[in-house]
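The values are calculated or read from the model by the stated rules, or taken from the named source; none is laboratory data. Everything numeric in this text was worked out from a predicted model, so none of it was measured. Quick reminder, even Gly has a Cβ in these numbers, built from the backbone with ideal geometry, and neighbours come from all protein chains shown.
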Amino acid sequence: MRIHQLVIACVLANPINAQIVNGSFEMNGNPSLEGWEWTCGDPDLVPDAAPNAGSWSATKQPGHAKGCFPSYLFQRLPDVEHGDRLVLSGWVKCPDFGICQGGFIGLGRVNAGAFELEETVSAQDLDWTYISISDTVEIGPGDTAIVVLNSGFIGGPAFEAGTAFDGIGLLPALSVRENTQSNLAHIVDRNTRMLYLSMGEADLRDIRLFDLTGKVLQPRYERTSASAVRVDLNALPQGVYFVSVVTGTDIRTIRFVNW
């Protein structure tokens, strides 16, 4: 299992109404495509799920120049407006047979059956891999914003395997901003699921942990010195987080992944 992310934080001026319907591709424990639409061949529902995402996932064949393209699994976002800043996340997994270009997720727009995609993020692994991306919605008159999942495009006759998707989530971008110039040292111990933070010579006064929505979390942590702490991540789901450290002179923020 791997985790990739492409996240840009911003400040929200107004609340954003963004939510995925049935991001785990099951309803009441049964496989379901409720809330989703697609182009080209039907998606398959398979009993292979990402971590903490139920029991089922969906696979989608890639587009094919000699068959049908583009091949998308998508969901409309009727309440999203132009300029909204969103964070899209999910899990993707290549099958262990055939050719797999990877799984791609991103925002886009549709107008009278015509699709346009924005920036996407992808992974090409045989294990379930967490990916996320932040993007700004760009829609005009007649457009509807969409979330798009796809397995790429092939131009030749080769058989291309469909990528699996699961645990798709959509949230407003958070109000926390990463300080990439920070000298805050951090290590995540994947075996114990502990986050170690050190400020070197600076005095560490307090820490604040946020998820991707900007929600403040309350993890257990232990101060190991005047400038270092150990944070217990075991109660938190796998994913991307931000931690801010308050010193005597400023606040320093970094992004990390809880495996």
Task: Check on VAL245, in contact with a Lys or Arg (Cβ under 8 Å, 6 or more places away or on another chain) and at pLDDT 85 or above - done: no
TODO: Kindly establish whether ALA49 is over 16 Å from PHE153 (Cα atoms), assigned to a strand (DSSP E or B) and modelled with pLDDT of 90 or more.
DONE: no
Open item on the list: Suppose we filter THR224, THR253 for residues that are modelled with pLDDT of 85 or more and of a type outside the set (Gly, Ala, Ser); which single one remains?
Closed with: THR224
TODO: Using the structure shown, decide if THR129 is more than 18 Å from ALA53 (Cβ to Cβ) and hydroxyl-bearing (Ser, Thr, Tyr).
DONE: no
Open item on the list: Name the residue that is nearest to THR163 (Cα to Cα), counting only residues in the stretch 64-79 that are under 18 Å from the mean Cα position of the chain (by Cα) and hydrophobic (A, V, I, L, M, F, W, C).
Closed with: LEU73
Task: Residues of the stretch 197-216 satisfying the condition of being part of a strand (DSSP E or B) and surrounded by fewer than 15 Cβ atoms within 10 Å (Cβ to Cβ) - done: ARG205, ASP206, VAL216
Task: Output for the stretch 180-196, where each listed residue is buried (at least 16 other Cβ atoms within 10 Å of the Cβ) and either farther than 15 Å from VAL246 by Cα or in contact with a helix residue (DSSP H, G or I) (Cβ under 9 Å, 6 or more places away or on another chain) (or both) - done: VAL188, ARG193, MET194, LEU195
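Being of a type outside the set (A, V, I, L, M, F, W, C) and in a strand (DSSP E or B) is the filter here, so list the residues in the stretch 185-196 that pass it.
If the condition is that a residue be of a type outside the set (A, V, I, L, M, F, W, C) and in a strand (DSSP E or B), then HIS186, ASP189, TYR196 are the ones that fit.
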TODO: Using the structure shown, decide if VAL229 is surrounded by 19 or more Cβ atoms within 10 Å (Cβ to Cβ), over 19 Å from the mean Cα position of the chain (by Cα) and more than 22 Å from ASP127 (Cα to Cα).
DONE: yes
- [ ] Please note which strands (runs of 3 or more DSSP E) are completely contained in the stretch 88-151 and include at least 1 residues that are assigned by TED's automatic domain parsing to the domain that holds LYS60, buried (at least 17 other Cβ atoms within 10 Å of the Cβ) and basic (Lys, Arg).
- [x] 103-111
